[in-house]
1. Can you name the number of the only condition in (1) among the charged types (D, E, K, R); (2) in contact with a helix residue (DSSP H, G or I) (Cβ under 8 Å, 6 or more places away or on another chain); (3) in a helix (DSSP H, G or I) that Asp286 fails?
2. Of the residues Phe263, Phe315, only one is among the aromatic types (Phe, Trp, Tyr), touching a Lys or Arg at 6+ places or on another chain (Cβ under 8 Å) and farther than 17 Å from Phe175 by Cα; which?
3. Taking the conditions exactly as written (acidic (Asp, Glu) and touching a Leu at 6+ places or on another chain (Cβ under 8 Å)), does Glu177 satisfy them or not?
4. Do any helices (runs of 4 or more DSSP H) entirely within the range 8-121 hold 1 or more residues that are out of contact with any helix residue (DSSP H, G or I) (no Cβ under 8 Å at 6 or more places or on another chain) and either surrounded by 17 or more Cβ atoms within 10 Å (Cβ to Cβ) or modelled with pLDDT of 95 or more (or both), and if so, which?
5. Looking at Tyr324 and the list (1) hydroxyl-bearing (Ser, Thr, Tyr); (2) under 24 Å from Ile75 (Cα atoms); (3) without any contact (Cβ under 8 Å) to a residue 12 or more places away in the chain, which single condition is not satisfied?
6. Is it fair to say Lys274 is within 27 Å of Val21 (Cα to Cα), buried (at least 19 other Cβ atoms within 10 Å of the Cβ) and among the basic types (Lys, Arg)?
7. Please go through the range 224-267 and pick out each residue that is among the β-branched types (Val, Ile, Thr) and out of contact with any strand residue (DSSP E or B) (no Cβ under 8 Å at 6 or more places or on another chain).
8. Specify which of the listed residues (Glu207, Glu239) is among the acidic types (Asp, Glu) and surrounded by fewer than 18 Cβ atoms within 10 Å (Cβ to Cβ).
Amino acid sequence: MKISHYFEFEKRVTGGIRESVAHQRKILDHLDLRYTTEPTLDADVFHCNLLGPRSIWYAKRARSRGIPIVAHTHITAEDFGDSFRFTNALAKPLKPYLEWAYGRADRLVCPSEYNRRLIEGYTEMPTAVISNGVDREKLEGFESLEAAYRERYDLEPPTVFLVGHVIKRKGLETFVELARRLPDLDFAWFGPLDLSLKGRETTRLIEDSPENCTFTGYVDDIRGAYAAGDIFCFPTHEENEGIALLEAMTAGKPPLVRDIETFSWLEDGEDCLKIGTSGGLGSDVDAFVTALERLRNSNVRRRLGSNAAQHSEQFSLESVANQYRTLYKEVV
């Protein structure tokens, strides 16, 4: 079996989608499946990760030749807004396009049950839920970087941290306000800033953040983030899955998350702490503050982090791999 494993805009797209594609290709190597990263009709399966114009062009021709089409549903209109400049304006017209584009595939791969529920409102095409997974090997040895990264960014434990692109949808306003309310704690957001791509509100939040709130920008070794951070605070409003969350759990860092459907598989008080959504910034921040006060206790952090690490094992690439083998066999 040969797979055309295509990632349109590969040189431009970063963040979770890029990580997911890297995970998929590592899985293909693990399964010893032949694949090319070029779009081609000389394959048994055409697997695309973004349905841009070139992917659609090849998908149409693949269908005419009887080659099955697998497509990932990384993007939804729901998680597109409050990301980068102009994404709010594009979110509304994006949905009808995705409804049409996802309908070109023979099988859609959804990273979570929540994502599948959304996609079922877009199209009736068959779906399979396969986690993006977590590359445990990538995090090996992260503990050795703790001193260097704490010193680099002047962070004192327990440090509240987040990993990923700095965008409003991921709870930027809450994160900054928490730092303002808890000046004796260090807050660090590890990930690209790209201010030129941000809207005015996002830029203002970053520039007006308090001194104890650090935006590191791109870091050369992401393991340093998980070494320097102690509490993974992820107040995101919308997420398809959250690879950074899986990485934090693998590193044994207790997650503090918003109680949204995406995270229904997490158990409050066992492998995380969850904050109910009230719709108001003030009351949300109050609840997050209460949770962070609880997480100052190192025993609480240790217990939740240990349970989180154990739970994360089911998302290892080795655990996810056979789902891809089954998927390709089914579509062929």
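The values are calculated or read from the model by the stated rules, or taken from the named source; none is laboratory data. Every value quoted in this text rests on a predicted model; they were computed, and no experiment measured them. Cβ sites come from the backbone with ideal geometry, for glycine too, and all protein chains shown count toward neighbours.
1. Tallying (1) among the charged types (D, E, K, R); (2) in contact with a helix residue (DSSP H, G or I) (Cβ under 8 Å, 6 or more places away or on another chain); (3) in a helix (DSSP H, G or I), Asp286 fails exactly one: (2).
2. Of the residues listed, the single one that is among the aromatic types (Phe, Trp, Tyr), touching a Lys or Arg at 6+ places or on another chain (Cβ under 8 Å) and farther than 17 Å from Phe175 by Cα is Phe263.
3. Yes.
4. 16-30, 53-64, 87-102, 113-119
5. (3)
6. No; evaluated as a whole, the condition is false for this residue.
7. Of everything in the range 224-267, those that are among the β-branched types (Val, Ile, Thr) and out of contact with any strand residue (DSSP E or B) (no Cβ under 8 Å at 6 or more places or on another chain) turn out to be Ile260, Thr262.
8. Among Glu207, Glu239, only Glu207 is among the acidic types (Asp, Glu) and surrounded by fewer than 18 Cβ atoms within 10 Å (Cβ to Cβ).
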